[in-house]
Amino acid sequence: MDGKDLTKKDKGAVESTRNLRQVVPVVDIYENNDEILLHAEMPGVTKDHITVNIDNGTLTLSGVRSLTRGGAAEWEEFGDVEYQRAFSVPQSIDVNKVNAELKDGILALHLPKSEAAKPRTVKIQAG
């Protein structure tokens, strides 16, 4: 060839043209008898760009916000970011019943407790 050989790219490879700034989302965590409720603030992220994983007692949240640009940036403070945060979760969470909702940039993650972990009242019988 003439020294201008092109190499084929792997179809699954993702090429990053710029580094994303990593941001830790702020969260509120509430617990009641039935579940742990986590609210994470991820403004500008769509549900298709959020990942929630629970593996071996670790809950990992990540999301990417990508903005469309209308020209060359003269000043840029509100750019593309990647939100990332991890938490330890108790083994008493029923992983099969976890669900998530995204509304107005707030991810609401419902982590239900397994029946064995819920508090219960013991009935005392007369002898």
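The values are calculated or read from the model by the stated rules, or taken from the named source; none is laboratory data. This one's a predicted model, so the numbers in the text were calculated from it and none came from an experiment. Positions of Cβ are backbone-derived with ideal geometry, glycine not excepted, and every protein chain shown enters the neighbour counts.
Table for the structure above
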{"quantity": "Filter result for ALA126 (among the small types (Gly, Ala, Ser) and modelled with pLDDT of 90 or more)", "calculated": "no"}
{"quantity": "Filter result for the condition that a residue is loosely packed, with under 10 Cβ neighbours inside 10 Å, in contact (Cβ under 8 Å) with a residue 12 or more places away in the chain and on the phi < 0 side of the Ramachandran plot, over PRO112, PRO90, PRO119", "calculated": "PRO119"}
{"quantity": "Filter pass, GLU76 being more than 12 Å from ALA40 (Cβ to Cβ) and either among the polar types (S, T, N, Q) or in a strand (DSSP E or B) (or both)", "calculated": "no"}
{"quantity": "Among the candidates VAL52, VAL95, VAL64, residue that is more than 20 Å from ASP28 (Cβ to Cβ) and within 11 Å of the chain's Cα centre (by Cα)", "calculated": "VAL64"}
{"quantity": "Out of PRO112, PRO90, sole residue that is farther than 19 Å from LEU20 by Cα and not in a strand (DSSP E or B)", "calculated": "PRO90"}
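A quick yes/no check of all residues on (1) modelled with pLDDT of 90 or more; (2) surrounded by 11 or more Cβ atoms within 10 Å (Cβ to Cβ); (3) within 28 Å of ASN96 (Cβ to Cβ):
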position	(1), (2), (3)
ASN32	yes, no, yes
GLY44	yes, yes, no
ASP48	yes, no, yes
VAL52	yes, yes, yes
